[in-house]
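Notes for the one structure printed next.
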Amino acid sequence: MLEEVGKDVVLRDGQPLTLLDQVNLTVRAGEFVAVVGRSGSGKSTLLNLIGLLDTPTRGRILYEDKDISGCGDTELSQLRGQHLGFVFQQFNLLARRTAVANVAAPLLFTSSCDARERRRRAVEQLRRVGLEHRLDAVPSTMSGGEQQRVAIARALIGNPKIVLADEPTGSLDEDTGTQVMRLLIDEVRSAGATLLLVTHDRELALQADRTVHLDKGRVLE
Ligand SMILES: Nc1ncnc2c1ncn2[C@@H]1O[C@H](COP(=O)(O)OP(=O)(O)OP(=O)(O)O)[C@@H](O)[C@H]1O
Ligand SMILES: [Mg+2]
């Protein structure tokens, strides 16, 4: 839940700029929320705040009932690892690592399972996204759609409560994008997780339980 959240930055010439202003937002567990708005309206800023990748200038962010404003970096990374999964437009995979290693990577920080168990879980997750034949491929040898499937598997391996996806099909052609989006929505749903999805696609937004419209850093009702 976000309470009166604001985010300001100071530009290089010293001018302050408000990226988000008085945002109130409650997302229920398991809900699928689409975040829409023009370029520059603050969608990525909002997702980064919810994803604990950025901190608000004003207001409070609560997870369940926990106010995260008092948390230090260690606690924030723990919360990120235990509760959140991310899917980005640019996939953000580790270039030199195989699909299995990319998917297993979050478990290095968040679970106590050994290498064998990490691999087993990564393979299972890759099978779920239809990539059992690409386990040892590195990102440069995979198509965009395949890379995004790896990213989806990586986002879900830690059983997150919330999946944050920022224009996840923005780098894919239309057909591949549709397939990847279907997969993302289905996988998040079967995991019972909450999905916050930034998209420019109106039809896609219609599939969500709810749409949040941003305009110049404010939520339109
Ligand atoms: N650190 C920063 N310093 C200065 N300006 C910033 C910073 N971060 C974001 N902005 C500006 O704040 C506005 C909101 O950015 P944000 O990335 O949240 O928009 P967006 O809605 O995700 O846009 P897009 O659809 O293009 O991805 C933009 O005008 C952006 O240029
Ligand atoms: Mg953005």
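Values as computed for the structure displayed
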item	result
Label zone at Glu124 (point 7 Å along Cα-to-Cβ), backbone N below 18 Å, segment 172-190	187-190
Cα gyration tensor, segment 71-113 - rounded (a/c under 1.5), prolate or oblate	oblate
Cα centroid separation - segment 166-216 against segment 76-134, whole Å	20
Inter-label distance, nm, simple model (7 Å from Cα along the C-beta direction), Leu53/Lys66	2.1
Cα extents of segment 93-221 along the three principal axes, largest first (Å)	49, 31, 25
Net charge of Cβ neighbours under 14 Å - reference Thr55; Lys, Arg +1; Asp, Glu -1	-1
Sorted peptide list for 163-173, 69-79, 195-205, 20-30, criterion being average Cβ within 10 angstrom, highest first	163-173, 195-205, 20-30, 69-79
Under Karplus coefficients 6.51, -1.76 and 1.60, residue-wise ³J(HN,Hα) of segment 158-163 in Hz, glycine/proline x	x, 6, x, 7, 10, 10
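Where a number appears in this text, it was derived from the coordinates with a stated rule and is not lab data. Keep in mind that what you see is a predicted model, and the values were worked out from it rather than measured. Positions of Cβ are backbone-derived with ideal geometry, glycine not excepted, and every protein chain shown enters the neighbour counts.
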